[in-house]
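Report on the following structure.
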DNA sequence: GTTAATGACTAATAGGCGTTAGTATAACCC
DNA sequence: GGGTTATACTAACGCCTATTAGTCATTAAC
């Protein structure tokens with residue numbers, strides 16, 4: 001792709017700095033409530049200069065989404081090959097939690113898209129959600145259904161995914177009431193502890 | 001539950017119809033991405049006519065929030081008086097799920113506020129989230145901590161609340177992949193089944 | 001050393017935004 | 001019936017929006 005011999009932090013290209021700024025702003029306010037003037041302001045250039053790097057606002061948004069999707073879909077891809085085991089689901093869940101914790105922007109962008117639509121929403125579903133449910137069917141095929149009720153299973157997949165993402169998207173609402181930074185290390189460990197506990201409880205639960 | 005003497009559709013005041021329209025639109029797009037022109041359009045009047053009923057955009061938004069908060073805080077108020085039991089938590093959860101299912105707009109508005117801020121956000125936290133954690137402390141005081149680890153308890157409260165709300169806010173992302181309307185009656189029953197199962201599993205779970 | 005391309009800039013467009021002022025019409029009170 | 005109130009309207013404002021055109025300096029190619 002591009003060869004950069006020196007460290008990339010000060011030498012980030014303008015396009016990358018635009019993408020970084022746009023990602024944060026789109027994630028915070030959503031597509032239509034984010035103005036190109038805001039983006040340009042963060043980067044430190046004038047608004048029309050953005051058009052030297054991206055065709056228009058929608059293309060910039062698309063580029064932001066694409067970069068995020070690529071960086072987030074690797075844990076699931078590793079899974080999709082083989083048959084799924086209990087431990088693999090555990091691992092995938094932990095990886096996903098840590099990933100969303102490290103960069104909350106994809107969850108935020110997804111939440112905005114789910115609420116308000118906006119460009120590329122269908123593509124978003126296809127590339128992020130559809131594969132998740134293909135994998136979940138693989139568990140079913142394995143012989144041991146995740147739950148007592150098998151047709152509850154996709155709902156469980158949805159629930160756990162929502163759990164991970166809503167932690168990120170709702171965090172500001174709880175940070176006061178929990179008395180600590182939701183994106184700090186201790187909070188991450190507590191969240192992991194809880195979600196693993198929930199998953200184990202679900203696996204161990206049989207009818208009733 | 002509610003007594004409707006006459007059919008309320010034609011006899012609603014203009015202010016109420018504005019509130020209805022604004023609620024849907026704010027819930028869908030958030031505060032800043034919703035225009036007063038959109039609201040007026042749905043109601044069927046011209047934009048400046050809105051100012052005969054509400055001081056400005058922010059006041060309209062505030063009125064929408066207030067109406068929703070009032071109608072949603074009753075299940076929790078019933079709980080706060082007495083000591084909390086397992087069955088009461090169960091009941092509260094079911095009530096809350098049904099309520100958000102019947103009107104998803106509060107969850108959507110909350111999600112927008114958590115992501116993007118906007119007016120009245122602090123008030124929103126105080127009136128909706130703070131009471132929930134006061135109640136949860138009452139369980140702790142009761143002698144039987146909800147979880148093996150007691151300082152995990154507010155995190156569990158947050159998790160279950162997120163579970164209920166994210167179902168509503170993320171529903172459009174899953175409706176295709178689940179193959180049914182997320183706000184239909186069968187979907188509601190499945191969601192209830194799953195969430196009750198999760199709660200029971202948490203209650204029964206002891207260490208490990 | 002000229003040429004070509006890159007990427008910043010200013011200026012300007014058309015349309016949408018929230019909001020205000022002023023006006024007209026219908027329904028009420030006494 | 002005259003006066004008051006409520007509620008709709010049109011016209012207009014200043015600001016913000018995405019986008020385009022055109023200009024100029026720096027950089028890379030041959």
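Tabulated results
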{"read-out": "Average partner coverage of B:50-59, which counts Cβ from other chains inside 10 Å", "value": "0"}
{"read-out": "Sequence ranges A:101-112, A:183-194, B:93-104, ranked by mean other-Cβ count within 10 angstrom, highest first", "value": "A:101-112, B:93-104, A:183-194"}
{"read-out": "Label distances, nm, residue A:176 versus same residue in remaining copies, Cβ-directed 7 Å point", "value": "3.8"}
{"read-out": "Average partner coverage of A:189-200, which counts Cβ from other chains inside 10 Å", "value": "4"}
{"read-out": "Inter-chain Cβ neighbour average for residues B:18-30, partner chain, 10 Å", "value": "2"}
{"read-out": "Label spacing, shortest first and in nm, from residue B:78 to its equivalents in the remaining copies (7 angstrom along Cα→Cβ)", "value": "4.8"}
{"read-out": "Cα→Cβ-extended label distance, 7 Å offset, between residue A:59 and residue B:52, nm", "value": "4.7 nm"}
{"read-out": "Pseudo-label separations to other copies for residue B:48 - Cα-to-Cβ vector, 7 Å, nm", "value": "3.5"}
{"read-out": "Theoretical FRET efficiency, 1/(1+(r/R0)^6), r = Cβ-Cβ of residue A:123 and residue A:150, R0 30 Å, to 0.05", "value": "0.50"}
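Rule-based calculations on the coordinates, nothing more; no lab input. None of these values were measured; they are calculated from a predicted model. Every residue, glycine as well, gets a Cβ built from its backbone with ideal geometry; the counts of neighbours run over all protein chains shown.
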